[in-house]
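Notes to accompany the following structure.
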Amino acid sequence: MKRFSIAAMTAFLMMYALPSFAADKSEEEALRSALNEYRQALVKKDLPKLEKIWTDDYTFIDAHGRIRTKADRLADLRSSATSLDKIQHEEPPRIRIHGNIGIIRSDVTLVGRYGGKEVSGVFRSTHIWIYTDGRWQLLMNQLTAVAP
């Protein structure tokens, strides 16, 4: 059995193990940045940015349980049936990355309207993102009210 010196093990870790750890952290930060960009675009009603963020087959399940497509969401924002005054993180989002799929869970306080109905309170949010064509895009998300 071969023995490795501490210097050899350190060199191995520096060359192979640590760079992959750093890459994972940078991927997580890129996804966190995409989430923040998405939420800012929602509040600002930045439709061109949202069109790029949402995949063509994007699906949203809103706080009232309605299933909405990308076209539905864009129409709701254009008509002001959906408008968000505030999206505030109640905790840091929990991010997991599996290959080119990112899953984010977070609790947020929302103030605004979805589908013409007032929403205000704390909601649990789940997002499924896909890394494609060199960027993160939102494939699906859901909101569920958190009981007081």
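The values are calculated or read from the model by the stated rules, or taken from the named source; none is laboratory data. Worth saying up front: this structure is predicted, and the values here are computed from it rather than measured. Backbone-built Cβ (ideal geometry, glycine too); neighbour counts: all protein chains shown. Just so you know, the surface numbers come from the protein's heavy atoms only, side chains and all, with ligands and any DNA or RNA stripped out. Shrake-Rupley method; radii C 1.70, N 1.55, O 1.52, S 1.80 Å.
Under 5 Å from the amide H of R113 lie the amide H atoms of S83, L84, D85, V119, each residue being 5 or more positions distant or on a separate chain, with H modelled from the backbone and absent for Pro and chain starts.
Hey, which of these cross-link pairs are over 22 Å Cα-Cα: K49/K70; K44/K70; K25/K49? Exceeds cut-off: K25/K49. A simple rule links phi to the HN-Hα coupling: the Karplus curve 6.51 cos²θ - 1.76 cosθ + 1.60 with θ = phi - 60°, which for region 132-148 gives 8, 6, x, 7, 7, 10, 7, 8, 6, 8, 9, 10, 9, 5, 8, 5, x Hz, with x for Gly and Pro. Listed peptides 91-100, 30-39 appear in the order 30-39, 91-100 once ranked by packing, highest mean of other Cβ atoms within 10 Å at the front.
Within region 71-148, the proportion of C-alpha pairs whose separation exceeds 14 Å stands at 67%. Extension gain, E27 to E118, is 29.2 nm, computed as 0.36 nm per intervening residue step minus the present C-alpha separation. Each residue of region 79-89 was assigned a 3J(HN,Hα) from its phi angle through the Karplus expression (A = 6.51, B = -1.76, C = 1.60, θ = phi - 60°), giving 8, 6, 5, 10, 8, 10, 8, 8, 10, 10, 5 Hz with x at Gly and Pro. The order of D133, D72, D62 by accessible area, most exposed first and with a 1.4 Å probe, is D133, D72, D62.
Across region 17-148 the C-alpha pair distances fall into 10 Å bins from zero in the proportions 12, 45, 32, 9, 2, 0 percent.
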